[in-house]
1. Out of the GluC sites (Glu not before Pro) in the stretch 289-349, which ones are loop residues according to DSSP with at most 14 other C-beta atoms within 10 Å?
2. Restricting to Cα pairs below 8 Å that are 6+ residues apart, what does the relative contact order work out to for the stretch 222-349? Please round to a whole percent.
3. Using a 1.4 Å probe on the protein heavy atoms, what percent of the accessible area of the chain belongs to carbon and sulfur?
4. Set the bar at 22 Å for Cα to Cα. Now go through Lys151/Lys340; Lys7/Lys151; Lys104/Lys167 and name every pair that lies beyond it.
5. How much area per residue is accessible in the stretch 240-349 when the probe is 1.4 Å and only protein heavy atoms are counted (Å²)?
6. Counting other Cβ atoms within 10 Å, keep those with at most 16, restrict to DSSP loop, and tell me which trypsin sites (Lys or Arg not before Pro) in the stretch 76-109 are left.
7. Cα axis of helix 251-267 to longest principal axis of the chain: angle in degrees, 0 to 90, nearest 10?
8. Quick one: helix 85-94 against the long Cα principal axis of the chain, what's the angle to the nearest 10°, folded into 0 to 90?
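The values are calculated or read from the model by the stated rules, or taken from the named source; none is laboratory data. The shown structure was predicted, so the numbers you read here are calculated from the model rather than taken from an experiment. Backbone-built Cβ (ideal geometry, glycine too); neighbour counts: all protein chains shown. For accessibility, only protein heavy atoms count, side chains too; no ligands or nucleic acids. Shrake-Rupley method; radii C 1.70, N 1.55, O 1.52, S 1.80 Å.
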Amino acid sequence: MNTRVVKIDPQNIDHEVLREAGALIRNGGLVAFPTETVYGLGANGLDPGAVKRIFQAKGRPSDNPLILHISRAEELDKLVEGISPTAERLIEEFWPGPLTLIFKKSSLVPEVVTAGLDTVAVRMPSHPVAMGMIRYAGVPVAAPSANLSGKPSPTRAEHVIKDLLGKVDMIIDSGSVMVGLESTVADITGGGVVVLRPGGITPEQLREVTGDVTVDPGLIPDGDTTIPKAPGMKYAHYSPDAQVIIIDGDMYKAADKIQRMAKDLESQGKRVGIMATEQTKALYKDAPVVSVGDRKRPYTIAANLFAVLREFDALGVDVILAEGVERQGVGLAVMNRLMKAASHNVVRV
Ligand code: AMP
Ligand code: MG
């Protein structure tokens, strides 16, 4: 398939191109587009044939449901069975933005979108290109991240091009995204709020709106076998080609351990990359060191994480030794993704 790659400047949107993207979606095509979280791969969420093509292009397991993206809160009404007062408060506070809510689905939503579940995930993204495209499409847009299943999510158009060129109709290049991690997924079907996937909106922020917020204990299992509740969270995910090992604990002890592990691995003929932070990057010698961000500003780490994992693959390293970070605020989402990238391979110091 011939993939058209187009540039759209989010500060100065070319509406002609965006209208074409919307029409492509409405007519059954696949368009990769920027959102504030990561790049998404969109299709008409009411067209089962188009939605199936998303699963094919990504190699995504068909039991992993998709999120429907809308551009106006009114579009929610026909997709769901009812909107609770808690849902209304969360929507008022966090939409448009990186919060996905799980509702009881209406009969309008095709089974292929929800992987046969009786619930549906819905979000209103805040990125102006995403919003505009959904508006022009005139339909809810089903969209997972625009990467091959299992790979780190794309935060720049180059990542999408690497994974999906020739497999989709159009890729919109709008530069880097803002948040860098996927949306927070919150289940509100049981009365309270259960965080099924941590993301850009933190549990602390949700608690400011409603007291009844719990986090699915399956999200960062510490060595146990708790199974996450969101169907997609059980899969191997976000994995670069290199093996990832997390060294978790006090940052100075971690840096010390990483130095010793790097020496050992190198003596075995392995090429090692070190994922450090602004606070620790000067502590390392020899192996290629990339700072993922500033520990005092965890959102910088969220924004860079996936791109840095891909960067190590481009450098051709065999093993990435990554410092763990605090599971506070957006750090919870960072550690959730990093643990998956590492298949839970953690050394505690
Ligand atoms: P992705 O589109 O790759 O960002 O993944 C969407 C996430 O939302 C996955 O972890 C899904 O399992 C989860 N999800 C989507 N729909 C539902 C649903 N109806 N119930 C629970 N989780 C869902
Ligand atoms: Mg994904």
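1. Answer by residue number: Glu326.
2. 39 percent
3. Carbon and sulfur atoms account for 50 percent of the accessible area of the chain.
4. Values: Lys151/Lys340 11 Å; Lys7/Lys151 24 Å; Lys104/Lys167 32 Å.
From the list (Lys151/Lys340; Lys7/Lys151; Lys104/Lys167), the Cα-Cα distance tops 22 Å for Lys7/Lys151; Lys104/Lys167.
5. Accessible surface, normalised per residue, equals 45 Å².
6. Lys78
7. Between helix and principal axis, roughly 80 degrees.
8. Helix 85-94 and the main axis of the chain meet at about 60 degrees.
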